[in-house]
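See structure below.
Coordinate-derived values only; no laboratory data. Remember, it's a predicted structure, so these values are computed and weren't measured experimentally. Heads up, the Cβs are rebuilt from the backbone with ideal geometry, glycines too, and the neighbour counts pull from every protein chain shown.
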Amino acid sequence: SSKTFWMTTGMFPQELIIGFPKCVKISKVAIQCYLVRTLRIERSTSKDPVGFEQCIEKDLQHTEGQLQMEEFPLPEFQATYLRFIIKSAFDHFVSVHRVMAEGT
């Protein structure tokens, strides 16, 4: 829902994990967030959310009063879980409004 979002508790790093019903092929990940400075995306192909490996780490641009919209084209890879780690922020609290993964 565009009316809901996930908000951090004020300390960093913060993380959220998204799980798929089975291992899927992902070609692109996109995120809409607010006040995130450094974001890392990791993946796991395990049945449980363990054994993550880093895919992307990026410093995002500050967009005052607007959502940050970032797309990460990826070489086709498989994942059962995606872990989003907010390593640092432009403020004490940040929010994640939408996460999208494209693939098959």
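According to the Cα gyration tensor, what semi-axes, each the square root of 5 times an eigenvalue, does the equivalent ellipsoid of the chain have, listed from largest to smallest in whole Å?
Details: eigenvalues 107, 40, 32 Å².
With the √(5λ) rule applied to the chain, the semi-axes are 23, 14, 13 Å.
Among L74, F12, S46, whose Cα projects farthest towards the positive end of the dipole of the chain, with charges put on the beta-carbon of Lys, Arg (+1) and Asp, Glu (-1)?
Result: S46.
Dipole size in debye (nearest 20) for region 39-104 around its Cα centre, Lys and Arg Cβ +1, Asp and Glu Cβ -1?
Details: 7 positive and 11 negative charges, 45 e Å.
The dipole of region 39-104 has a size of about 220 debye.
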